[in-house]
Structures are given as structure tokens and as C-alpha cells.
Amino acid sequence: MHPRDWMRVNDTGLYCEPADAYIDPMVPVTRAIITHGHADHARAGHDHVYATPTTLKIMTTRYGEEMAREQTALDYRQSVTLGDDKDPVTVTFYPAGHIAGSAQALIEYRGARLVISGDYKRRPDPTCEPFEVVPCDVFITEATFGLPVFTHPPIDQEIQKLLHSQQVFPDRCHVVGTYALGKCQRVILALRDAGYTRPLYLHGALIRLCDLYQELGVALGPLVAVSEVENKQDLAGEIILAPPSALADRWSRSLPKVRTVMASGWMQIRARARQRQAELPLIISDHCDWPELLQTLEEVNAPEVWVTHGREDALIYQAEKMGFNARALSLLGYEEEDDSSE
Amino acid sequence: MKAFSDLLDQLYFTSGNNAKAAIIKEYLRSTPDPDRGWAIAAIAGTLKFDFFKRNTVKTLMLERIDPELFAMSYDYVGEMSETVAHLWPDSQATQTDSIPRLADIVEEFQNASRQTAGKLLSGYLDLLDASQRWALIKLGTRGLRVGVSARSMKQILASYGNVDIEDIESLWHGVAPPYTELLAWLEGKAEKPDISGEVTFHPVMLSHPIDDQTLEQITVNDWQVEYKYDGIRVQLVCTEKGKALFSRTGDDISQAFPDVLEGISGDGVVDGELLIMHGKDVDSFNALQQRLNRKKPPAKLIKSLPAGLILYDILRNGDTDVTQSALTERRQILSQWIAGQQCSHLHLSQTLNLTDAASLRKKHEQASDDVAVEGLMLKRKDSRYVPGRPKGQWYKWKRDPKLVDAVIMYAQRGHGKRSSYYSDFTFGAWQDDKLLPIGKAYSGFTDEELKKLDNWVRRNAVGRFGPVREVKKELVIEVAFDAVHPSPRHKSGIALRFPRFHRIRWDKPAAEADTLETIKALIHSTD
Ligand SMILES: [Zn+2]
Ligand SMILES: [Zn+2]
């Protein structure tokens with residue numbers, strides 16, 4: 001049975017009728033399948049949550065033990081059946097390569113296979129398992145960077161820009177605005193890869209998730225909370241990581257000679273970087289760029305593609321040119337998460 | 001090219017003059033000649049021509065991408081160079097050692113013809129990454145906007161070499177990209193470049209518009225009064241090495257006016273007004289415009305519209321700098337200098353013998369009788385020749401109606417038969433280093449001029465707000481109006497009555513347009 005007959009989009013989100021389950025719903029529901037821990041996908045207060053063990057840990061770290069009444073941890077490639085025993089829906093998670101614990105959800109029902117890829121990328125990321133190609137009849141893809149202008153440079157190249165700036169401005173405090181979950185830890189690891197061994201300083205909002213990553217076995221090197229630095233003048237010349245919103249608020253005023261750095265896929269567009277008042281934009285994304293989106297459509301090779309989450313028009317146009325059946329899936333409520341502040 | 005594009009990226013996003021200066025100095029320290037000199041030229045705007053046209057870039061791009069996807073991308077990015085920089089297919093083979101050097105790129109384009117430039121450009125774009133492609137397109141179309149003016153570039157160079165900014169200013173027009181000698185001197189590796197015999201442009205002295213208060217206060221006897229002719233300001237330079245005629249911005253316009261230069265010999269730098277002159281009779285600005293339009297005028301045109309110079313000042317006589325002498329002395333020197341030339345195209349500016357305020361005012365009223373005259377010039381008899389716009393030395397007193405030089409900021413399409421033309425213009429005046437809109441004008445130009453304006457807007461648009469295009473702040477228009485009124489409703493605090501185009505000043509740099517303060521000073525004199 002074609003997925004369009006058992007999947008629906010309503011105000012709450014993407015709904016699988018025979019499983020009575022929502023995928024990444026916006027508001028508390030009875031049964032929620034959560035692809036990953038970003039706040040616009042994983043919300044608190046559901047009755048029953050299905051997610052990967054890491055995603056559940058992230059949700060617990062953020063929302064506390066009470067984040068859901070009941071939790072089912074599903075490892076990658078492990079299945080669970082939902083709905084009517086005689087007419088079951090099978091859900092299986094596969095790695096999405098987006099952040100730690102991120103998953104694509106394969107939903108099988110009456111012989112049809114639908115993959116909801118959630119947010120995903122194809123670049124190597126030491127904090128998570130790489131995206132896995134899962135054959136299916138309908139592939140739901142994000143289109144956050146769904147325009148051919150988006151091609152993200154290698155992360156080491158971007159990190160060099162930061163280190164170079166630190167050389168030119170040895171007395172300025174480099175405050176890097178990064179998303180708290182995933183991006184932050186990736187930036188830290190890339191700095192370590194580039195041979196940067198000095199302590200990195202963290203805004204309070206980033207500490208718990210960095211701790212969690214370390215618990216998960218990702219070694220981030222010496223990290224110090226900014227609040228623990230008594231004399232803020234000592235931070236001159238150091239690198240601090242903070243959520244993007246903190247860059248503009250009073251928190252940053254106590255820091256010496258701030259140079260504003262922003263790590264986000266949007267930084268590729270100059271007007272956008274200027275709008276965020278980034279003095280040093282770093283193009284670092286946890287989403288696919290355009291070539292990766294096309295590569296994925298080709299490799300997954302699903303005859304039908306539903307596009308959501310971003311600049312759908314161009315990707316739909318291109319997918320049809322590539323011979324796929326493509327349409328927009330209008331989901332509301334997802335933020336352009338690189339831009340949100342957490 | 002990588003160092004150059006990194007430099008531009010940093011400058012583009014970094015705010016604050018000190019930080020920008022630090023970035024440029026670091027670049028100069030770590031980048032070899034001649035690359036760094038070309039970078040200076042690109043930023044300071046001393047590159048002489050476009051390497052390629054914007055349209056060439058677009059054409060090449062459309063050969064490489066689906067037009068639908070191009071349109072969607074352009075729509076999102078909002079700017080052509082950046083759209084192309086991102087969309088150009090990355091060649092897999094890009095390697096650090098195959099990135100061309102900035103100097104090589106500049107040289108190749110200098111030697112390229114219009115036919116080969118496109119091929120050269122696509123070859124380079126293939127070798128570069130997105131940031132570098134953006135840098136190349138901006139460089140080649142001379143569209144760099146990184147918030148560093150020519151003046152600040154000179155200041156940065158002065159600070160880099162720990163020398164006086166005046167030293168840089170005086171050398172500036174005598175040295176050329178890639179500035180190898182200049183940089184060697186700044187780094188203490190060579191003597192100061194000797195430009196004394198070079199045929200170079202010298203920064204000029206400018207006047208302020210006069211206001212009523214000043215008019216009432218001056219003692220007419222202390223002032224030299226001359227007609228202000230409706231031509232263009234030029235500088236004639238002659239040395240052993242050659243001779244040239246420069247516009248007020250330092251552009252060499254010798255080729256367009258061979259008739260003026262023909263008979264000139266010997267050393268000197270003189271300052272005056274370029275006009276069309278039949279013997280001693282001065283023709284209209286329109287006549288001059290016909291000559292200005294031709295970079296190499298045919299002999300017939302030179303004969304029917306001969307150019308002449310009305311000279312009013314001298315900066316250099318032989319090898320003697322005379323800028324420190326008083327105006328009256330300089331005038332004598334100038335008079336002798338002209339007498340020594342065998343050139344019928346040179347005339348000494350006439351001084352008007354006026355002794356009191358009443359006769360001065362009368363002269364001003366009569367000034368409009370002659371179409372070639374647009375008012376009076378008042379210069380202190382004891383004024384030295386000081387480049388820039390020193391206070392209280394020189395005044396221009398334009399005839400009525402009131403005229404100001406304003407800069408076009410926005411353009412909008414007209415109505416009816418003009419609906420396909422950008423014909424409604426918002427113009428502004430300077431307040432410190434910002435332009436504030438002071439009014440709108442949509443008349444006063446000819447159909448011919450409207451076509452040129454429309455074309456200019458299309459080529460120089462930088463932004464879009466609904467139907468309104470924002471344009472580069474580069475085109476000066478002389479706006480005529482009947483009165484200025486204070487107006488709290490406008491951000492500028494003033495409103496102009498019946499503003500209209502008086503003349504388009506294609507030749508005038510935007511920085512020399514009038515200030516808001518100047519225009520405000522006209523409030524009382526017109527009410
Ligand atoms: Zn996400
Ligand atoms: Zn998302």
C-alpha cells in the first residue's frame with residue numbers, strides 16, 4: 001500500500017496512521033518516533049518515545065528524567081512493531097550522520113518502505129556513525145541547504161581561518177557562536193585535530209552536552225567554563241564557544257575585545273553572515289550541501305521523493321530532472337536550526 | 001590568489017578601522033611582491049580598467065548551469081558575483097600549487113583582448129575555490145567594497161612604513177601598481193621614490209559654497225574675484241618627461257584634448273577650467289560635453305569645437321614648487337608662465353576689479369547673463385595652495401537658482417511612457433561619511449540623458465527594495481531648486497522646493513558632492 005495512503009501531515013507533524021505514531025512531533029503526543037535530539041525535533045512531554053539510546057540520553061540531559069512517561073531505546077538496525085499485531089507497522093533506525101545518535105526511520109507497512117531521513121549529512125563526522133543508504137519506495141529528505149549555491153568547504157579549512165585570526169589578533173577574545181548540540185562538539189574536535197591543545201572555554205549552556213559527549217566516549221580535551229574564570233581579562237586571546245544568542249547579549253560584554261565568530265552552514269551567504277554580525281564566518285554545517293543531497297537521491301534511488309525542511313523548490317525541480325517523482329511535504333515548525341539559538 | 005581572497009574575506013566582515021588596518025598590515029608583511037601591490041591597487045581603486053564585463057561572467061555561468069536553478073539561486077543570494085562564485089562547478093583537480101598568483105592574473109588580463117578575456121576568465125574560475133572566485137570577479141569588475149577607502153589605504157601604508165600620511169599623498173599619483181618601489185621604501189629597503197620629474201597629477205585645492213553670513217563679513221579688497229566658468233576643472237602638467245592633462249580625479253584625459261596640449265612646452269603644473277573656446281569666446285557646457293564624449297576626437301570635431309583653458313593657478317613653475325606663495329604672487333608667476341608658452345589655447349583667468357560689497361553683489365546678479373558663467377569665485381588674495389578643501393580660503397558663489405551637487409542613491413521606474421526607464425531619482429548629501437537623502441527629482445534631463453541614466457542605474461544597482469533600486473553611490477548630479485525649507489519630517493531635516501536635474505556630473509567624484517550642512521546654510525539665503 002502506497003505510503004501516501006497511511007502517512008499524513010497535520011498541525012502536529014508527520015503522522016503514521018496504522019502505527020498511531022508521530023515522527024518528531026511539535027507538541028506532546030501519545031506515541032513519538034524521534035529522529036534526533038535537536039530541540040525542534042525532540043520535545044519533552046510525550047507519553048511514549050521511541051529513539052536511539054544516545055538520543056534518549058540527550059533528551060534526558062536536556063529535559064530531565066521526566067522527559068517522557070515511557071521510553072523505548074532502539075539501536076540502529078533493530079526493529080520494533082507498532083499498531084495492530086495482525087496488520088503491523090515495523091520501525092527501524094539507521095544512522096543519519098547528523099549528530100550523535102541521529103537516525104533515519106525506516107517505516108514498513110503492507111509491503112511498502114518509507115524512509116524519513118530526518119536531518120542528515122554525508123561528511124565524515126567523528127561524533128557519529130556515517131549515513132547509511134537504505135533502499136525504499138519513498139524517501140523523505142530535508143532541503144535545508146537545497147540550492148546549488150550551497151557547497152560546504154572542508155571543516156579543517158574553516159578551522160584554519162579561526163586559528164589564523166587568533167594569530168592576527170592575539171589579544172582578542174574569539175567567541176564562536178555554535179549550536180549547543182553537535183556543532184559545538186564538532187568544532188572542538190576539529191580544533192583538536194588541527195593541533196590546538198589549549199583549554200577551550202565554554203558558555204554555561206554548552207557544558208552539559210559536552211559532558212555527555214565525553215561520557216559517550218568523544219574526547220574533547222581540556223574544557224573550562226567561562227563562569228569559572230575569575231578575571232575575565234585572562235580570556236584575551238582565547239577561544240570561547242557560546243550559543244549564537246549569547247553573542248549579542250550582555251553575557252559577552254564582560255569579555256575582553258570580542259571578535260565574533262559564527263560556525264554555521266548559512267555563513268556561506270555573505271549577506272546572511274553580515275546580518276548575524278559575524279566578523280569571522282565559518283562555514284560549518286551538520287546538514288547536506290547541494291552535491292550531497294543529489295548524491296543521496298541517486299544512491300537511495302527511491303522512485304518517489306518527498307522534500308521538506310528548507311528550500312524545497314530547487315530540490316524538487318532537480319529531483320524531477322533526475323527522473324524521480326518529487327513533491328513538497330509541508331511541515332511547519334522546524335527551525336533553520338543552524339540559526340536558532342537553543 | 002588565496003592570500004588575496006582571504007584578505008578580502010577578512011576585510012569584508014571585520015568592522016572597525018583599526019582591525020581592518022591590522023589585517024592589511026599582516027597581509028603586507030606576509031605576502032610577496034608584486035602580489036601585494038596589486039592588492040593595494042584593487043582596494044584603493046587604482047586599477048585602470050575592468051578585466052571583463054559583468055555580462056561576460058553571467059554568460060559564462062549560464063553555459064554551465066540550468067537557467068531555472070540559476071534564477072532560484074540568484075534570487076536567494078541577491079548578488080551576481082556571489083551567486084556565480086558559489087555556482088561555478090568546482091573542479092576536482094584543484095590543488096594549492098595550481099592556484100594562480102594574483103600578479104599573474106592581473107598581467108594576463110592586462111594583455112588580453114575583449115575576445116580572449118572570457119576564455120581566460122573561465123580558465124581561472126576553474127582553478128579557484130568559491131571565495132577566490134568571488135575575489136576574482138570583484139577584482140575584475142572593480143566592484144570591491146570592503147570598507148577601506150583610498151584615503152584609509154594611504155593611512156595604513158603610512159602606518160605600515162611609519163611615515164607621514166602627507167608623504168604618501170604626495171607620492172601617490174607618481175607611483176603605480178604594483179607599488180614595488182613604494183613598499184621597498186616603506187620597509188626601509190630603498191630610498192624614497194623620486195617622482196619629481198614624473199608627469200603626475202597633484203591633489204587640487206577646492207572651494208566651499210559661500211553663505212550669506214560669510215558674504216556679509218568679508219572685506220572685498222582682501223579677495224580675488226573671478227568668474228566661475230561652466231566647464232570642467234583640469235590640471236595641466238608638463239615636465240622634461242612629457243606632458244598631460246588630468247581631470248580633477250587624476251584621470252589622464254590628454255588623448256581627448258590634443259589641441260590643448262599641442263603647443264605646451266617646458267616645466268610647470270597649472271590649474272584651470274577646460275572649456276570650448278572660439279578665440280576668447282567661451283561656448284556652453286553642452287558644447288564641451290560633445291568633446292568629453294569622445295576619447296579620441298576626429299579632427300573635424302576638434303576644429304569645430306576647439307578646446308581652451310582658462311588658467312587660474314600654478315603649483316609648479318619650472319622645478320620650483322610655488323604652492324607656499326600667496327595667490328597674488330602665484331597669479332603673476334602664472335601670467336609669465338602663460339606668456340612663455342606659444343599656445344593660443346591658454347588664457348589667464350580675468351580678475352574682476354571690485355572694491356565693495358555692493359559692486360560684488362551686482363556682479364553676481366549679472367553673472368547669469370553669460371551662459372558660460374555659472375557664478376563667481378572668491379579667493380583670499382593671501383591664500384596658499386592647499387590640497388583638499390581648507391576653510392575660509394576659496395568660495396564659489398553660484399548664480400541663481402540654487403544649485404547643489406548631490407549623489408544619486410536610489411532610482412525608480414517612471415510612469416506612462418517612461419515606465420520602462422529608471423527616471424525617478426532620490427539623491428542625497430553628505431553628513432560626515434554618510435549620505436542622507438535630501439530629495440527626489442524626475443525632470444530636467446533630455447531624452448538622451450534619460451537613456452544614459454537608465455543604463456547607468458541598471459549597471460550600478462546594488463540592491464532592491466520592491467520597485468526601488470539602490471545604486472552605487474557614485475553619480476553626482478547638479479540639482480537646481482528654488483528654495484530649501486527646514487523639515488522635521490525628513491531625516492535630513494530639510495526639504496527642497498521644486499528640485500530638478502540641472503546637469504549630470506559624470507566627471508565629478510561622489511566624495512566631492514555637497515554636504516548637508518552646506519545645503520542647510522542655504523535655508524536663510526533663500527527664504
Ligand atoms: Zn537537527
Ligand atoms: Zn532539523
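The strands (runs of 3 or more DSSP E) found entirely in region B:345-426 that carry 3 or more residues being open to solvent by less than 30 Å² (accessible area, probe 1.4 Å) are B:373-380, B:394-398, B:402-413. Within region B:1-37, the residues that satisfy the criterion of being facing chain A (nearest Cβ under 9 Å), in a helix (DSSP H, G or I) and of a type in the set (Gly, Ala, Ser) are B:ALA19, B:ALA22.
Conditions (1) surrounded by fewer than 24 Cβ atoms within 10 Å (Cβ to Cβ); (2) in contact with a Cys (Cβ under 6 Å, 6 or more places away or on another chain); (3) of a type outside the set (A, V, I, L, M); (4) more than 14 Å from every other protein chain (Cβ to nearest Cβ), marked per residue:
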position: A:ARG110; (1), (2), (3), (4): yes, no, yes, yes
position: A:PRO135; (1), (2), (3), (4): yes, no, yes, yes
position: A:ASP156; (1), (2), (3), (4): yes, no, yes, no
position: A:GLY177; (1), (2), (3), (4): no, no, yes, no
position: A:LEU181; (1), (2), (3), (4): no, no, no, yes
position: A:GLN185; (1), (2), (3), (4): no, no, yes, yes
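Answer with yes or no whether A:CYS128 is away from chain B (no Cβ under 14 Å) and either of a type in the set (A, V, I, L, M) or farther than 20 Å from A:ALA328 by Cα (or both). Criteria met by A:CYS128. Scanning region A:212-223 for residues that are hydrophobic (A, V, I, L, M, F, W, C) and surrounded by fewer than 16 Cβ atoms within 10 Å (Cβ to Cβ) yields a count of 1.
So that you can scan it fast, the table gives a plain yes or no per residue for (1) surrounded by fewer than 24 Cβ atoms within 10 Å (Cβ to Cβ); (2) within 14 Å of chain B (Cβ to nearest Cβ); (3) among the polar types (S, T, N, Q); (4) away from ligand 1 (no atom under 16 Å from the Cβ):
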site	(1), (2), (3), (4)
A:HIS48	yes, no, no, yes
A:THR60	yes, no, yes, yes
A:THR72	yes, no, yes, yes
A:PHE93	no, no, no, no
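Within region A:106-129, restricting attention to residues that are under 14 Å from A:PHE139 (Cα atoms) and under 15 Å from the mean Cα position of the chain (by Cα), which residue is nearest to ligand 2 (Cβ to nearest atom)? Looking at residues that are under 14 Å from A:PHE139 (Cα atoms) and under 15 Å from the mean Cα position of the chain (by Cα), I get A:ASP119. Selection within region A:274-288: residues that are touching a strand residue (DSSP E or B) at 6+ places or on another chain (Cβ under 7 Å), open to solvent by less than 10 Å² (accessible area, probe 1.4 Å) and within 24 Å of A:TYR120 (Cβ to Cβ). The member of this set that is farthest from ligand 2 (Cβ to nearest atom) is A:LEU282. Taking region A:263-314 as the range and being facing chain B (nearest Cβ under 9 Å) and either within 16 Å of ligand 1 (Cβ to nearest atom) or not aliphatic (A, V, I, L, M) (or both) as the test, the residues that pass are A:GLN268, A:ARG270, A:ARG274, A:GLN277, A:GLU279, A:PRO281, A:PRO291, A:ARG311, A:ASP313. Per the listing A:GLU158, A:GLU132, A:GLU108, A:GLU66, the residue uniquely more than 30 Å from A:GLN268 (Cα to Cα), away from ligand 1 (no atom under 16 Å from the Cβ) and out of contact with any Ser or Thr (no Cβ under 6 Å at 6 or more places or on another chain) is A:GLU66. Determine whether B:ARG54 is touching a Leu at 6+ places or on another chain (Cβ under 9 Å), charged (D, E, K, R) and away from chain A (no Cβ under 12 Å). No, not satisfied. Summed over region A:248-262, the residues that are within 23 Å of the chain's Cα centre (by Cα) and either open to solvent by 20 Å² or more (accessible area, probe 1.4 Å) or away from every other protein chain (no Cβ under 14 Å) (or both) give a count of 2.
Among the residues of region A:113-126, the one identified as surrounded by fewer than 24 Cβ atoms within 10 Å (Cβ to Cβ) and either within 13 Å of ligand 1 (Cβ to nearest atom) or not assigned by TED's automatic domain parsing to the domain that holds A:THR55 (or both) is A:ASP125. For region A:17-45, the tally of residues that are away from ligand 2 (no atom under 16 Å from the Cβ) and open to solvent by 10 Å² or more (accessible area, probe 1.4 Å) stands at 10. The set of residues from region B:2-19 being open to solvent by 20 Å² or more (accessible area, probe 1.4 Å) and not polar (S, T, N, Q) comprises B:LYS2, B:ALA3, B:ASP6, B:ASP9, B:TYR12, B:PHE13, B:GLY16.
Out of the residues in region B:57-80 that are within 10 Å of chain A (Cβ to nearest Cβ) and within 15 Å of B:TRP134 (Cβ to Cβ), which is most open to solvent (accessible area, probe 1.4 Å)? Among residues in region B:57-80 that are within 10 Å of chain A (Cβ to nearest Cβ) and within 15 Å of B:TRP134 (Cβ to Cβ), the one most open to solvent (accessible area, probe 1.4 Å) is B:TYR74. Looking across region B:365-398, the residues that are more than 22 Å from the chain's Cα centre (by Cα) and farther than 12 Å from B:TRP223 by Cα come down to B:GLU365, B:GLN366, B:ALA367, B:SER368, B:ASP369, B:ASP370, B:VAL371, B:ALA372, B:VAL373, B:GLY375, B:ARG384, B:TRP397.
Each row is one residue, and each column tells you yes or no for (1) within 21 Å of B:TYR76 (Cβ to Cβ); (2) at pLDDT below 95; (3) within 16 Å of ligand 2 (Cβ to nearest atom).
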site	(1), (2), (3)
A:SER252	no, yes, no
A:TRP266	yes, yes, yes
A:ARG272	yes, yes, no
A:TRP290	yes, no, no
A:LEU332	yes, yes, yes
A:GLU336	yes, yes, yes
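Only one entry in A:ASP85, A:ASP40 is away from every other protein chain (no Cβ under 14 Å), modelled with pLDDT under 95, within 16 Å of ligand 1 (Cβ to nearest atom) and not in a strand (DSSP E or B), namely A:ASP40. What do you reckon, is B:VAL260 open to solvent by less than 40 Å² (accessible area, probe 1.4 Å), closer than 22 Å to B:TRP337 by Cα and part of a helix (DSSP H, G or I)? So B:VAL260 fits the description; yes. Considering only residues in region A:236-247 that are within 20 Å of A:ALA190 (Cα to Cα) and away from ligand 2 (no atom under 16 Å from the Cβ), the one that is surrounded by the most Cβ atoms within 10 Å (Cβ to Cβ) turns out to be A:LEU241. Assessment of region B:186-198 against the conditions (touching a Lys or Arg at 6+ places or on another chain (Cβ under 9 Å), among the acidic types (Asp, Glu) and over 18 Å from B:ALA21 (Cβ atoms)) yields at least one matching residue.
Taking the criterion of being of a type in the set (Asp, Glu), in contact with a Lys or Arg (Cβ under 7 Å, 6 or more places away or on another chain), assigned by TED's automatic domain parsing to the domain that holds A:CYS136 and not in a loop (DSSP other than H, G, I, E, B), would at least one residue in region A:14-23 satisfy it? Looking for residues that are of a type in the set (Asp, Glu), in contact with a Lys or Arg (Cβ under 7 Å, 6 or more places away or on another chain), assigned by TED's automatic domain parsing to the domain that holds A:CYS136 and not in a loop (DSSP other than H, G, I, E, B), one finds at least one in region A:14-23, hence yes. Exactly one residue out of A:ALA112, A:ALA105, A:ALA143, A:ALA73 is out of contact with any Pro (no Cβ under 9 Å at 6 or more places or on another chain) and over 30 Å from B:GLN132 (Cβ atoms), and it is A:ALA105. Condition first: free of Cβ contacts under 8 Å to residues at least 24 places away in the same chain and either closer than 30 Å to A:ALA314 by Cβ or more than 14 Å from every other protein chain (Cβ to nearest Cβ) (or both). Can you find one or more residues in region B:126-134 that meet it? No, region B:126-134 has no match at all.
The values are calculated or read from the model by the stated rules, or taken from the named source; none is laboratory data. Please read these numbers as outputs of a predicted model, since none were measured by experiment. Here the Cβ is made from the backbone with ideal geometry for all residues, glycine too, and neighbour counts use every protein chain on show. Ligands, DNA and RNA are excluded from the accessible area calculation, which covers all protein heavy atoms including side chains. Shrake-Rupley method; radii C 1.70, N 1.55, O 1.52, S 1.80 Å.
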